[in-house]
Amino acid sequence: MSTPTRHRGGEFRPGDRSDVPVRPSGGGRLFYYVTVRVTGLILAVLVLGHFAVTHITTDVAETGSDFIARRWGSALWLLWDWAMLTAAMLHGAAGVWIAIEDYTPDPEKRRRRQRLLVSASTLLFVLGLIVIVAAIF
Amino acid sequence: MTLAQALFVVALAGVLVAVVGFGFVMVSAAARSGGGSYLSTGLLRRLQRSPEERAEFNRWAFYAHRFTGFAVFAFLCLHIVDISLYTFAPGAFDEVHVLYGWTSMRIFECGLLFAILFHTFNGLRILAIDFADLGSRASRGLLTGAVVLTVLLGLGGSAVIMAPVFA
């Protein structure tokens, strides 16, 4: 464990401790910030709506394949679920990305874990996309 | 129990293990690089301080936000797979879907609801802090609001989810 070095002003700065990884700065950070907040705002509506429809207005036991077939007969719900899938995967993967960055000081390990995260999230996103596209036809 | 149902239960157990494991990583990292474990040491003493000196609630909100976010995302990964059965194996989809109506699964869904609600309201609080440039007093007030809303809507929603079990 490294001892934090103090700057003249007395405050801590990124990089003061060797065991806490420094986050890169630059344009990527702004893109990250905006993506997380925009998708988060969208998800606040879509996910609470989704949960309300599948658990509150309809009992969860009644939400089998008949329910899905009926719901996906409407373009609005297909659009809803596509938007929710896209926003949720972006938002979730972005969140776990930054958690990996915080908890993996070794840069080699960090890159490997983040690659794994991106691969797995992309795979699941494509799987969900196939299901939604298949429901259109 | 059919094979599809057994696989779903195993996968859900895997999700829960991942969530608990993530919580462990979070707590130990906080203890290592954040100055100590906040839950045990002098908690009651700190809570008796004046609100101005209780900024630690923001830190707790951060940990709760990260933890609930990971939990919801972990379940979402499983949820995409079980919904994909609808397209690729309709029979297996209906078998797995029956599990969602079980009492134990309903209890899990109540927990999921609480996680989603807190993550949503605290997330909106973060947006408000950033865009309205709120100070510490206002953000603390919003945190109280987020927790109250989570508890109220969570209890109400849980009552609806669990109602068929007691009917």
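The values are calculated or read from the model by the stated rules, or taken from the named source; none is laboratory data. Owing to the predicted nature of the structure, the values given are computational and were not obtained by experimental measurement. Neighbour counts run over all protein chains shown; Cβ positions are idealised from the backbone, glycine included.
Within 27 Å of A:S65 (Cβ to Cβ), more than 9 Å from chain B (Cβ to nearest Cβ) and surrounded by 17 or more Cβ atoms within 10 Å (Cβ to Cβ): does that describe A:M84? Full working, then the answer.
On the way: within 27 Å of A:S65 (Cβ to Cβ): yes; more than 9 Å from chain B (Cβ to nearest Cβ): yes; surrounded by 17 or more Cβ atoms within 10 Å (Cβ to Cβ): yes.
When the stated conditions are applied, A:M84 passes them.
Kindly indicate whether A:I130 is in a helix (DSSP H, G or I) and buried (at least 16 other Cβ atoms within 10 Å of the Cβ). I'd like the intermediate steps shown before the answer.
Numbers: in a helix (DSSP H, G or I): yes; buried (at least 16 other Cβ atoms within 10 Å of the Cβ): no.
So A:I130 does not fit the description; no.
Here is a list: B:L78, B:L85. Which entry is facing another protein chain (nearest Cβ under 10 Å), in contact (Cβ under 8 Å) with a residue 60 or more places away in the chain, out of contact with any Ser or Thr (no Cβ under 9 Å at 6 or more places or on another chain) and buried (at least 17 other Cβ atoms within 10 Å of the Cβ)? Please lay out each step first, then the result.
On the way: B:L78 fails: buried (at least 17 other Cβ atoms within 10 Å of the Cβ).
On inspection, the qualifying residue turns out to be B:L85.
Here is a list of conditions, (1) under 12 Å from the mean Cα position of the chain (by Cα); (2) in contact (Cβ under 8 Å) with a residue 60 or more places away in the chain, and B:T120 meets all of them except one; can you say which number that is?
Condition (2) is where B:T120 drops out.
One line per residue, one yes/no per condition, for (1) at the interface with another protein chain (Cβ under 10 Å from one of its Cβ atoms); (2) within 30 Å of A:A61 (Cβ to Cβ); (3) of a type in the set (F, W, Y):
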| residue | (1), (2), (3) |
| --- | --- |
| B:P90 | yes, yes, no |
| B:D94 | yes, yes, no |
| B:I107 | no, yes, no |
| B:A115 | no, yes, no |
| B:L124 | yes, no, no |
| B:L127 | yes, no, no |
| B:S136 | no, no, no |
| B:R140 | no, no, no |
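Looking at this structure, is A:G49 at the interface with another protein chain (Cβ under 9 Å from one of its Cβ atoms) and of a type outside the set (S, T, Y)? Break it down stepwise before answering.
Details: at the interface with another protein chain (Cβ under 9 Å from one of its Cβ atoms): no; of a type outside the set (S, T, Y): yes.
Spelling it out, it is not the case that A:G49 is at the interface with another protein chain (Cβ under 9 Å from one of its Cβ atoms) and of a type outside the set (S, T, Y).
Run A:D106 past the list (1) within 10 Å of chain B (Cβ to nearest Cβ); (2) out of contact with any Cys (no Cβ under 9 Å at 6 or more places or on another chain) and report the number of the one that doesn't hold.
Single failed check for A:D106: (1).
Kindly indicate the residue of region A:68-81 that is in a helix (DSSP H, G or I) and crowded, with 16+ Cβ neighbours inside 10 Å and also nearest to the other protein chains (Cβ to nearest Cβ) among those meeting that condition. Break it down stepwise before answering.
Within region A:68-81, the first condition is being in a helix (DSSP H, G or I), and the residues that meet it are A:68-71, A:75-81.
Now drop any that are not crowded, with 16+ Cβ neighbours inside 10 Å, which leaves A:68, A:71, A:77-78, A:80-81.
Values: A:I68: 6, A:R71: 11, A:W77: 13, A:L78: 13, A:W80: 14, A:D81: 9 Å.
Looking at the filtered set, the residue picked out is A:I68.
Residue by residue, here is whether (1) at pLDDT 95 or above; (2) more than 13 Å from chain B (Cβ to nearest Cβ) holds:
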{"site": "A:P4", "(1), (2)": "no, no"}
{"site": "A:P14", "(1), (2)": "no, no"}
{"site": "A:R23", "(1), (2)": "no, yes"}
{"site": "A:G28", "(1), (2)": "no, yes"}
{"site": "A:F31", "(1), (2)": "no, yes"}
{"site": "A:V34", "(1), (2)": "no, no"}
{"site": "A:G40", "(1), (2)": "yes, no"}
{"site": "A:T58", "(1), (2)": "no, no"}
{"site": "A:G64", "(1), (2)": "no, no"}
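When you scan region B:100-109, do you find a residue that is at pLDDT 90 or above, aliphatic (A, V, I, L, M) and more than 15 Å from the chain's Cα centre (by Cα), even just one?
Applying the first criterion (at pLDDT 90 or above) to region B:100-109 yields B:100-109.
In the following step, the residues that additionally are aliphatic (A, V, I, L, M) were identified as B:105, B:107.
From the residues that got through so far, the ones that are more than 15 Å from the chain's Cα centre (by Cα) too are B:105.
Yes, the conditions are met somewhere in region B:100-109.
Out of curiosity, is B:A13 closer than 30 Å to B:A167 by Cβ, at pLDDT 95 or above and within 14 Å of chain A (Cβ to nearest Cβ)?
No, not satisfied.
Answer with yes or no whether B:V72 is in a helix (DSSP H, G or I) and either in contact (Cβ under 8 Å) with a residue 60 or more places away in the chain or over 20 Å from the mean Cα position of the chain (by Cα) (or both).
On the way: in a helix (DSSP H, G or I): yes; either in contact (Cβ under 8 Å) with a residue 60 or more places away in the chain or over 20 Å from the mean Cα position of the chain (by Cα) (or both): no.
For B:V72, the condition - in a helix (DSSP H, G or I) and either in contact (Cβ under 8 Å) with a residue 60 or more places away in the chain or over 20 Å from the mean Cα position of the chain (by Cα) (or both) - is not met.
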